[in-house]
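S.K.: Once you've had a glance at the structure underneath, I'll fire off some questions.
The values are calculated or read from the model by the stated rules, or taken from the named source; none is laboratory data. From a predicted model like this one, the values you see are computed outputs, not experimental measurements. Cβ: placed from backbone, ideal geometry, glycine included. Neighbour counts: every protein chain shown. Heavy atoms of the whole protein, side chains included, go into the accessibility calculation; ligands, DNA and RNA do not. Shrake-Rupley method; radii C 1.70, N 1.55, O 1.52, S 1.80 Å.
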Amino acid sequence: MVTRSLLRPLLDAIVLVAVVTLAWQGLYEYAGDVALTPPLETVSLALDLLGSARFWPHVRETGLAVAQGLAIAVLGGLSIGLTLGIHRLSGEVAEPILVALYSIPKITLYPVILLIFGIGMPAKVAFGAIHGIIPIIIFSMNAMRNIHPVYLKTARVMRLGPLPLATRVLLPAALPEVFTGLRVGFALTLVGTLMGEMFGSQRGIGFMLMRAMGSHDMATIMSVTLLLVLFATLVSVALLVVDRRLHRFG
Amino acid sequence: MSTVQAKTTPHAVVTGVTRVFPGAGGRAPVHALGPVDLVLARGEFVSVVGPSGCGKSTLLEILAGLQPPSQGTLVFEDRPVCGQVPDGVGVVFQENAAFPWLTVRENIAFGLRRAGVDGAEVARRVEHALGLMGLADFARSYPAQLSGGMRQRVCIARTLVMQPRLVLLDEPFGALDQQTRLLMGDELLRLWRETGATVLLITHALDEAALLSDRVAVMSARPGRFLDMVETGWPADRDSRLVEDPRLGAISARLWSRLREESLKAMSTGEAAR
């Protein structure tokens, strides 16, 4: 059971990579050097990039921004989401607002964020965090609401106080669903941070991409994108493994 | 009959209890239960049968202190029940209430640990319960790895290790097949004899009520009231071999004769049920 749950997402990832590589090569044959670089050449470009000195300061910048954005999204999202889940009325009021916020393209808010935080680290962190926090709120709220009522009745029969009720029953019961929210929240925080770096920024992976686009530097665009995809996939697979383990007994 | 007559000390007393659920969204309030009166003698095994939706489970939850009565009073061990579950009451629910994130052993130990019972005593009682309920080989399994009957045994064990003096069971075998129900009934009778607890069993199975109980209360369609109280007269050491006894058929028949009309009422429209 354990080996299966470990192998399955890995196999999925391999199949996905193979399909994407084939499609990529096909697209290259069709569109040529002007539009993109072929897979094999991109891999060697990416390896060069990993060995170059100019790359790592940008990685560090983006890494710091994502880490801070994620910390805000996780802490804020969990406390807001779990509270809304416990307090039914607030949850019902907040839900349509959250869904509306979730569905608007947040790039429309970016000028406002830049005016508030100025160009630089705080703006990217804020932009990453507002992407990640909403799914974490929605998932944790629903996780709380969907706790089977019989668990709550059982806790009352066992005369649990508020603290043991929260830590011994509510949190473990909600955990699998909350974790799914964290997984989605991570992916969106990364997207938000990179988007934030693409506009009004002077450092970071997003900035690197934007500058390369400006000078039609296909080699940089393709190799940076490949590394980003690899990173996001690896983290996703790792989180998915944990996610499936948590859902196994649910 | 002597065992039945010996059990006369009142343990839990329900007097004039009703439950009216306030109407939501402009609908009329629903009168779900009562008024009902019921006296459970210490050490007695009483079942409540009734058509679906008659308020059986509501009665149990009121008796457990899980919801308040609209009117009437409840007394458990000479103290009024209000707002919270009294000490000494255990409840087994119809749904699978085993916590899926804990192993069987952790589930059974859960209430004891939270009540601050010391570690050695917890271990002793849990091991005893695992053996008693035939769960010893599954102590380290998770509920999702067990059958429905075994999961329900986990819930019964988790309740019994707390050594409740009043055990309330809300259709605990509802989701099980007939053979498993009979065997679980035997286990329940054995545990009842060993612990001397007072038992109230809510069930929709008339033969189950007739076989297990000292007394069977028959409830009307909603709002539930007691129509009849049937004394079975079984000895305390009864078990499922009573299925051969012609008296069991006679008791079930009497229960059904009282319930047939009520069940028809419950099946027809809501207007008629009121």
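S.K.: Among the helices (runs of 4 or more DSSP H) confined wholly to segment B:96-184, which include 2 or more residues that are over 18 Å from the mean Cα position of the chain (by Cα) and either away from every other protein chain (no Cβ under 13 Å) or under 25 Å from residue A:248 (Cα atoms) (or both)?
M.R.: B:104-114, B:119-132
S.K.: Search segment B:43-85 for residues being among the hydroxyl-bearing types (Ser, Thr, Tyr) and more than 14 Å from chain A (Cβ to nearest Cβ), and hand back the single one that is nearest to residue B:212 (Cα to Cα).
M.R.: By that ranking, first place goes to B:47.
S.K.: In addition: Given the options A:105, A:149, name the one that is within 30 Å of residue A:171 (Cβ to Cβ), out of contact with any Phe, Trp or Tyr (no Cβ under 9 Å at 6 or more places or on another chain), of a type outside the set (S, T, N, Q) and open to solvent by 50 Å² or more (accessible area, probe 1.4 Å).
M.R.: Sole residue among the options that is within 30 Å of residue A:171 (Cβ to Cβ), out of contact with any Phe, Trp or Tyr (no Cβ under 9 Å at 6 or more places or on another chain), of a type outside the set (S, T, N, Q) and open to solvent by 50 Å² or more (accessible area, probe 1.4 Å): A:149.
S.K.: Against the condition surrounded by fewer than 24 Cβ atoms within 10 Å (Cβ to Cβ), within 30 Å of residue B:101 (Cβ to Cβ) and touching a residue at least 12 places away in the same chain (Cβ under 8 Å), how does residue A:226 come out, does it pass?
M.R.: no
S.K.: Separate question: Among the candidates B:104, B:122, B:75, single out the residue that is surrounded by 14 or more Cβ atoms within 10 Å (Cβ to Cβ) and under 28 Å from residue B:13 (Cα atoms).
M.R.: B:75
S.K.: Looking only at residues that are among the β-branched types (Val, Ile, Thr) and either within 25 Å of residue B:114 (Cβ to Cβ) or open to solvent by 40 Å² or more (accessible area, probe 1.4 Å) (or both) in segment B:181-214, which one is modelled with the lowest pLDDT?
M.R.: B:195
S.K.: Name every residue in segment B:52-86 that is without any contact (Cβ under 8 Å) to a residue 40 or more places away in the chain and out of contact with any strand residue (DSSP E or B) (no Cβ under 9 Å at 6 or more places or on another chain), in order of residue number.
M.R.: B:79, B:83, B:84
S.K.: Inspect segment A:161-181 for any residue being under 30 Å from residue A:108 (Cα atoms), crowded, with 24+ Cβ neighbours inside 10 Å and more than 14 Å from chain B (Cβ to nearest Cβ) and give the result as yes or no.
M.R.: yes
S.K.: Looking at (1) crowded, with 22+ Cβ neighbours inside 10 Å; (2) modelled with pLDDT of 90 or more; (3) closer than 25 Å to residue A:163 by Cα, which is the only condition residue B:160 fails?
M.R.: So the condition that residue B:160 fails would be (2).
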